[in-house]
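Asks: Take this structure, written in structure tokens, and hold onto it; I'll ask about it next.
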Amino acid sequence: MTEHLIRNADTILTMDAGRRELVGEDILIRDGVVAAIGPNLATLGEVHEARGCVVTPGLVNTHHHLYQSLTRAVPGGQDALLFGWLKTLYPIWARFGPEDMFVSAQIGLAELALSGCTLSSDHLYLYPNGARLDDTIAAAAELGLRFHPTRGAMSIGESAGGLPPDTLVEGEAAILDDMIRVVDTFHDAGEGSMCRVGLAPCSPFSVSRDLMRDAALLARDKGVMLHTHLAENDEDIAYSLAQFGCRPGQYAEDLGWTGPDVWHAHCVKLDGAEIDLFARTRTGIAHCPCSNCRLGSGIAPVRGMRDAGVPVGLGVDGSASNDSGNLMAEARQAMLLQRVARGADAMSAREALEIATCGGADVLGRPDCGRLELGKRADIAVWDVSGIDSAGSWNPAALLLAGPTRVRHLFVEGRQIVRDGQITTIDLPRMIERQNRLARALMG
Ligand SMILES: [Zn+2]
């Protein structure tokens, strides 16, 4: 029996059904779950004094391309729109191999962990030179983060009218075979699962209609979730209208890509009817505000989505279009961006944090995560509000207005992954060195 006691927190933002905020209380972690919350708890395990700290559920990242942490701030892609940006990066990504996938995933996940993230999905849609989804799963397991990798895919290359070069696409039969392999090998559907696999053809502009439909059928057969990019910007809408004769929402619905087991990244350009469709079908959205700003895609109508009842989570998106992977900073950006569009009362700091915690957990089908309640998984972030980021704050629990974007402690499934701001499970300086070496090799 392993126990940790987080004691005397200034505030615990529970994100439970009543959104309770507790002052001066403790959280007892036992065997991976929250065993008790209240004042003056006792333990025979380790005690973590949390006076001067705000405690939240671990943040949930619903969209990422971890491999892209090896291609941050690439000069040719710094100022391009989505399609031009992709065309700059595809030839570089084509040189990746298994080690690039492993190291970049571990760096990307460690960066997320330091920013309070305990559960991340990943969308890996290219597999050059022997790279496999297995490489990223090994990286997450070693680091100790809860992981929802998705087996992405691209099958329509340039010669067939798609966007990616032919060297980066795979045959659709091979894609479906590998989807089956990774689900059968790695997917754990149980409560407290540390690894759940999803199926994720990259986007309507890089796979066929058949693969979209087949992936949906396979996901339902296996009981796993579906994920892709949708309605990201104006070019994306124009492509859908020109190629498919319909808007992205219709395309998704026709191919079985709506429902509580589906979540789409971006959805910047969903119209009112599409928002209603997503609300009615409980189809989830990964909102990626920094990436949307970085690529000039626009402001996703998150206020309208939330008001309609669409499940919304937060995603940092790939590190080539962010170019950061700080999930706490992303939550702040989500709050700010809605205010740009709709005014200062469009989204509160509490609501943005809710989207980043229980909102994301619900999008990923994880009601056992994203809130601090008895029996829920002990995925917990401890934020030190005694430092300069919060100095002078009248309300340190309003973390997104004034507060740190790096955690002091982080627990995943009751295991301490970050202690006093340092990753405990891997030699991070060594991994950063390795990452920089690989990036230099890719620059050729
Ligand atoms: Zn993406």
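The values are calculated or read from the model by the stated rules, or taken from the named source; none is laboratory data. Predicted, not measured: the structure shown is a model, and the values here were computed from it. For neighbour counting, all protein chains shown are included, and Cβ atoms are generated from backbone atoms with ideal geometry for every residue, glycine included. Surface areas here come from the heavy atoms of the whole protein model, side chains and all, with no ligands, DNA or RNA. Shrake-Rupley method; radii C 1.70, N 1.55, O 1.52, S 1.80 Å.
Asks: For residues that are open to solvent by 10 Å² or more (accessible area, probe 1.4 Å) and away from the ligand (no atom under 16 Å from the Cβ), tally how many sit in the range 49-73.
Replies: Of the residues in the range 49-73, 4 are open to solvent by 10 Å² or more (accessible area, probe 1.4 Å) and away from the ligand (no atom under 16 Å from the Cβ).
Asks: Hey, any hits in the range 383-404 for a residue that's part of a strand (DSSP E or B), surrounded by 24 or more Cβ atoms within 10 Å (Cβ to Cβ), on the phi < 0 side of the Ramachandran plot and out of contact with any Asp or Glu (no Cβ under 7 Å at 6 or more places or on another chain)?
Replies: Within the range 383-404, one or more residues are part of a strand (DSSP E or B), surrounded by 24 or more Cβ atoms within 10 Å (Cβ to Cβ), on the phi < 0 side of the Ramachandran plot and out of contact with any Asp or Glu (no Cβ under 7 Å at 6 or more places or on another chain).
Asks: Do we find a residue being open to solvent by less than 10 Å² (accessible area, probe 1.4 Å) and under 20 Å from residue 203 (Cα atoms) anywhere in the range 93-116?
Replies: Looking for residues that are open to solvent by less than 10 Å² (accessible area, probe 1.4 Å) and under 20 Å from residue 203 (Cα atoms), one finds at least one in the range 93-116, hence yes.
Asks: Select from the range 117-129 the residues that are away from the ligand (no atom under 16 Å from the Cβ) and outside any helix (DSSP H, G or I) and write down the one among them that is most open to solvent (accessible area, probe 1.4 Å).
Replies: 127
Asks: Okay, next question. For the range 77-92, give me each residue that is open to solvent by 20 Å² or more (accessible area, probe 1.4 Å) and either among the aliphatic types (A, V, I, L, M) or without any contact (Cβ under 8 Å) to a residue 24 or more places away in the chain (or both).
Replies: Those that are open to solvent by 20 Å² or more (accessible area, probe 1.4 Å) and either among the aliphatic types (A, V, I, L, M) or without any contact (Cβ under 8 Å) to a residue 24 or more places away in the chain (or both): 78, 79, 80, 81, 84, 88, 92.
Asks: Now for a separate question. Would you confirm whether any residue within the range 298-319 is farther than 23 Å from residue 253 by Cα and in contact with a Pro (Cβ under 6 Å, 6 or more places away or on another chain)?
Replies: No, every residue in the range 298-319 fails to be farther than 23 Å from residue 253 by Cα and in contact with a Pro (Cβ under 6 Å, 6 or more places away or on another chain).
Asks: Another question, if that's okay. Where in the range 197-288 are there strands (runs of 3 or more DSSP E), lying wholly inside it, with at least 3 residues that are of a type outside the set (Gly, Ala, Ser) and within 13 Å of the ligand (Cβ to nearest atom)?
Replies: 226-230, 262-266
Asks: Specify the residue that is most open to solvent (accessible area, probe 1.4 Å); the eligible residues are those in the range 341-354 that are over 10 Å from residue 289 (Cβ atoms) and in a helix (DSSP H, G or I).
Replies: Result: 342.
Asks: I need the full set of residues from the range 138-154 which are of a type outside the set (D, E, K, R), buried (at least 21 other Cβ atoms within 10 Å of the Cβ) and farther than 17 Å from residue 88 by Cα, in order please.
Replies: Once the filter is applied, which keeps residues that are of a type outside the set (D, E, K, R), buried (at least 21 other Cβ atoms within 10 Å of the Cβ) and farther than 17 Å from residue 88 by Cα, the range 138-154 yields 139, 140, 143, 144, 145, 147, 148, 149, 150, 152, 153.
Asks: If I filter the range 405-428 down to residues being free of Cβ contacts under 8 Å to residues at least 24 places away in the same chain and assigned to a strand (DSSP E or B), which single residue comes out as least open to solvent (accessible area, probe 1.4 Å)?
Replies: Within the range 405-428, the match that is least open to solvent (accessible area, probe 1.4 Å) is 419.
Asks: Moving on to the next point. What number of residues in the range 318-340 are open to solvent by 10 Å² or more (accessible area, probe 1.4 Å), within 20 Å of residue 66 (Cβ to Cβ) and more than 16 Å from the ligand (Cβ to nearest atom)?
Replies: 2
Asks: What residue, of 365, 315, 375, 298, is open to solvent by 10 Å² or more (accessible area, probe 1.4 Å), within 16 Å of the ligand (Cβ to nearest atom), out of contact with any Phe, Trp or Tyr (no Cβ under 7 Å at 6 or more places or on another chain) and in contact (Cβ under 8 Å) with a residue 40 or more places away in the chain?
Replies: Exactly one of 365, 315, 375, 298 is open to solvent by 10 Å² or more (accessible area, probe 1.4 Å), within 16 Å of the ligand (Cβ to nearest atom), out of contact with any Phe, Trp or Tyr (no Cβ under 7 Å at 6 or more places or on another chain) and in contact (Cβ under 8 Å) with a residue 40 or more places away in the chain, namely 298.
Asks: A follow-up question, please. Name every residue in the range 335-355 that is touching a Cys at 6+ places or on another chain (Cβ under 9 Å) and closer than 23 Å to residue 16 by Cβ, in order of residue number.
Replies: None - no residue of the range 335-355 is touching a Cys at 6+ places or on another chain (Cβ under 9 Å) and closer than 23 Å to residue 16 by Cβ, so the list stays empty.
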